[in-house]
Amino acid sequence: MSWLDRIPSLDTPDLREVQRISRDLLDRLAEDRKLLTQLVDEIPDDAERLANSRITLLLNRLSLCQAPERGFEIRMNMNPRLDNQRFPHDHCYAFATRILTGGYVHVVGRRTDDWEGPFSGDDVERGIVTIERPGSSYTLGHPMVHQAVMEPDTVTLFVRGPRRKRISHAAVELMPSRDTWPAPAEPGADAAESRPATVDEYRLMRSYLSQRDLID
C-alpha cells in the first residue's frame, strides 16, 4: 500500500476536479523517487503494464500504474520524435501532464466546426500558446485539440482519465508520413502508429531515466 492507492477516481465529468486530483497526484509522484523507481521496475513482471508501455509515432511511454476501477492510468513519456510533433490532435479522455525534464512549445486550439468526428487543419483555430518547462503542468478535456513541439530530452508524467469517445482524431493531411512511424518489433511486420514496447525497449527506457537521474 502507498499513498497512490488512496488517489480518488478520475471518472468524473468535472474537469476542475480532474485537474485538482491530477495535479496533486503528479506533483507527489514527481517528488517520490522511491515509488517512481518501484513503478518502473515492476513493469516487466506485469503483463498489462508491459503491453500498455508503447512505442508510438509521437514518443515512447511506460505504463506506471493501471487503475481502471478508479478510472485512470499513469504514464511516463520520453524520447519525443521531433519531426512528428506538429499535427493537431485530440484525445479520447481528459488528461494531465507534468514536465520533469526538457520542455516544449504547447499550442491549444479551438475547433471551428461542429466538434464531432474527423477534422482538418482548416477546422482548427489557434487558441493559447505556452512554453512548458520542468515543474509546469496542465490539464485538458477530451474535446480540446492541441500539439507540442518538444525538446529532445523531454520527459513527462501523464495521467489519463476514462475513455469518453470511441476514437481520437487528428488533422489527417498533417499526419507524419508512414516512413516516420516506429519500426516494427518483428521482421516482416507492418509499421504501426503505436505498438507495445519489447522487453529490450523497456530496458532502454529504464536506462534512459536512470542516466538522467529521474529514478535510482
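The values are calculated or read from the model by the stated rules, or taken from the named source; none is laboratory data. All of these numbers come straight from a predicted model, not from anything done at the bench. Quick reminder, even Gly has a Cβ in these numbers, built from the backbone with ideal geometry, and neighbours come from all protein chains shown. When the accessible area is computed, the model is the full protein with side chains, heavy atoms only, and any ligands, DNA or RNA have been set aside. Shrake-Rupley method; radii C 1.70, N 1.55, O 1.52, S 1.80 Å.
Go through the stretch 92-106 and give me each residue that's in a strand (DSSP E or B), open to solvent by less than 20 Å² (accessible area, probe 1.4 Å) and free of Cβ contacts under 8 Å to residues at least 60 places away in the same chain.
Just the residues of the stretch 92-106 that are in a strand (DSSP E or B), to begin with: 95-101, 104-106.
From what's left, open to solvent by less than 20 Å² (accessible area, probe 1.4 Å): 95-97, 99, 104, 106.
Answer for the stretch 92-106, where residues must be in a strand (DSSP E or B), open to solvent by less than 20 Å² (accessible area, probe 1.4 Å) and free of Cβ contacts under 8 Å to residues at least 60 places away in the same chain: 99, 104, 106.
In the stretch 59-73, what residues are in contact with a helix residue (DSSP H, G or I) (Cβ under 7 Å, 6 or more places away or on another chain) and either of a type in the set (Lys, Arg) or closer than 24 Å to residue 213 by Cβ (or both)? Outline the logic, then answer.
Step one: of the stretch 59-73, the residues in contact with a helix residue (DSSP H, G or I) (Cβ under 7 Å, 6 or more places away or on another chain) are 60, 62-66.
Of everything in the stretch 59-73, those that are in contact with a helix residue (DSSP H, G or I) (Cβ under 7 Å, 6 or more places away or on another chain) and either of a type in the set (Lys, Arg) or closer than 24 Å to residue 213 by Cβ (or both) turn out to be 60, 62, 63, 64, 65.
Looking at the stretch 26-41, is at least one residue touching a residue at least 40 places away in the same chain (Cβ under 8 Å) and more than 25 Å from residue 150 (Cβ to Cβ)?
First, pick out the residues of the stretch 26-41 that are touching a residue at least 40 places away in the same chain (Cβ under 8 Å): 26-27, 29-30, 33-34, 36-37, 40-41.
Subsequent filtering for residues that are more than 25 Å from residue 150 (Cβ to Cβ) retains 34, 41.
Taking every residue of the stretch 26-41 in turn, at least one turns out to be touching a residue at least 40 places away in the same chain (Cβ under 8 Å) and more than 25 Å from residue 150 (Cβ to Cβ).
Kindly provide the set of residues from the stretch 188-210 that are hydrophobic (A, V, I, L, M, F, W, C) and within 12 Å of residue 53 (Cα to Cα), ordered by number. Outline the logic, then answer.
In the first step, residues of the stretch 188-210 are kept if they are hydrophobic (A, V, I, L, M, F, W, C); the result is 189, 191-192, 197, 199, 204-205, 209.
Across the stretch 188-210, the qualifying residues are 197, 199, 205.
For the stretch 77-97, which positions are at pLDDT 95 or above and farther than 17 Å from residue 15 by Cβ?
77, 78
With (1) surrounded by 13 or more Cβ atoms within 10 Å (Cβ to Cβ); (2) touching a His at 6+ places or on another chain (Cβ under 7 Å) as the list, and residue 118 as the residue in question, which single condition is left unmet?
Answer for residue 118: the failing condition is (1).
Given the conditions (1) at pLDDT below 90; (2) outside any strand (DSSP E or B); (3) of a type outside the set (Asp, Glu); (4) open to solvent by 30 Å² or more (accessible area, probe 1.4 Å), report the number of the one that residue 127 does not fulfil.
Every condition holds for residue 127 apart from (2).
If a residue counts only when it is within 28 Å of residue 192 (Cβ to Cβ) and out of contact with any Cys (no Cβ under 9 Å at 6 or more places or on another chain), which helices (runs of 4 or more DSSP H) contained entirely in the stretch 1-75 have at least 3 such residues? Spell out the reasoning first.
Values: elements: 15-31, 33-42, 47-51.
Per the criteria, 33-42, 47-51.
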